[in-house]
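Here's the structure, in structure tokens; my notes come after.
The values are calculated or read from the model by the stated rules, or taken from the named source; none is laboratory data. Keep in mind that what you see is a predicted model, and the values were worked out from it rather than measured. Cβ coordinates were reconstructed from backbone atoms using ideal geometry, including for glycine residues, and neighbour counts include every protein chain displayed.
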Amino acid sequence: MSDFIFGTDLFSEFDRMQRQMAGLFGGFPSSLRSGRFGAFPPLNIGTTDDSIEIVVFAPGLKAEQFDVSVDKGLLTISGERAATQPEGDAEARPYAQERFAGSFRRVIELPQAADPDKVQARYANGCLSISVGKREASRPRAITIS
């Protein structure tokens, strides 16, 4: 008799374990602390002269389902996506599922130039856009030569 009890089917557990193993050897930048392949929600990070721009791709969620915070140089994006049940037969069991459901958390290490008092976020069309302003001292400026 086995002592292991799986909440889902065994193949889902193997898939989860494979993603965790892939995350150990993936070449993710050190500023991302998700540490696993296929992390939800996927995101893009870029920079301008004035700000750090983060776009989080999370269709099907509402703005109030996100928690965004900045603490000690870390930007944390968390929330939960509910599982969807196919309409029709209530006893239908999934054969394959690729859509993530459950709680999620992504942590991004902000550069020292980031100003935690200048964070703006908005959610539209399935994308959460976060803009973190840079400190005035870190912005490039032209120097006149006399």
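On the basis of being surrounded by 10 or more Cβ atoms within 10 Å (Cβ to Cβ), of a type in the set (Phe, Trp, Tyr) and in a loop (DSSP other than H, G, I, E, B), does Phe104 make the cut?
So Phe104 fails the test.
From the residues in region 37-69 that are among the aromatic types (Phe, Trp, Tyr) and part of a loop (DSSP other than H, G, I, E, B), which one is modelled with the lowest pLDDT?
Phe37
Can you name every residue in region 69-85 that is under 10 Å from Leu110 (Cα atoms) and among the small types (Gly, Ala, Ser)?
Gly73
May I ask you to list the residues in region 65-79 that are under 25 Å from Ala101 (Cα atoms) and either surrounded by 14 or more Cβ atoms within 10 Å (Cβ to Cβ) or of a type in the set (Gly, Ala, Ser) (or both)?
Gln65, Phe66, Val68, Ser69, Val70, Leu74, Leu75, Thr76, Ile77, Ser78, Gly79
Among the residues of region 81-98, which ones are surrounded by 10 or more Cβ atoms within 10 Å (Cβ to Cβ) and either modelled with pLDDT under 75 or in a loop (DSSP other than H, G, I, E, B) (or both)?
Ala82, Ala83, Thr84, Gln85, Ala92, Pro94, Gln97
In the list Ser78, Ser129, which residue meets the criterion of being touching a residue at least 60 places away in the same chain (Cβ under 8 Å) and either in a strand (DSSP E or B) or within 17 Å of Leu43 (Cβ to Cβ) (or both)?
On inspection, the qualifying residue turns out to be Ser129.
Residues in region 107-121 that are in a strand (DSSP E or B), surrounded by fewer than 16 Cβ atoms within 10 Å (Cβ to Cβ) and free of Cβ contacts under 8 Å to residues at least 40 places away in the same chain: how many?
Residues meeting the conditions: 2.
Could you check Arg93 against (1) without any contact (Cβ under 8 Å) to a residue 12 or more places away in the chain; (2) under 20 Å from Glu53 (Cβ atoms); (3) of a type in the set (D, E, K, R) and say which number it fails?
It fails just one condition, (2).
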